[in-house]
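This report refers to the structure that appears directly beneath it.
The values are calculated or read from the model by the stated rules, or taken from the named source; none is laboratory data. Quick caveat: nothing in here was measured; it's all calculated off a predicted structure. Side chains are part of the model used for accessible areas, which takes the heavy atoms of the whole protein and leaves out ligands, DNA and RNA. Shrake-Rupley method; radii C 1.70, N 1.55, O 1.52, S 1.80 Å.
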Amino acid sequence: QVPGIRIPETVVRRMQGAAEPLAEGKKICAELIDELLTMAPGVHIMAINCEELIPDILAHCTRL
């Protein structure tokens with residue numbers, strides 16, 4: 001829970017139902033990046049204390 005941040009219920013349900021929550025979270029991140037890249041020429045990624053996951057997340061993006 002982060003003050004001021006609202007996570008859509010669909011995302012919460014995906015994470016709760018995932019057999020591998022970390023893999024599902026990376027997939028969700030990649031999907032969001034792909035969607036954002038349809039609206040803007042780039043994105044800023046912050047993975048606080050999880051920076052090592054960024055290359056794997058980007059590998060799952062289809063618009064890069």
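Structure notes:
- Residue selected from region 1-50 under the condition under 13 Å from the mean Cα position of the chain (by Cα) and among the charged types (D, E, K, R), by the criterion nearest to Arg63 (Cα to Cα): Asp34
- Residue in region 47-55 that is open to solvent by 40 Å² or more (accessible area, probe 1.4 Å), on the phi > 0 side of the Ramachandran plot and in a loop (DSSP other than H, G, I, E, B) present: yes
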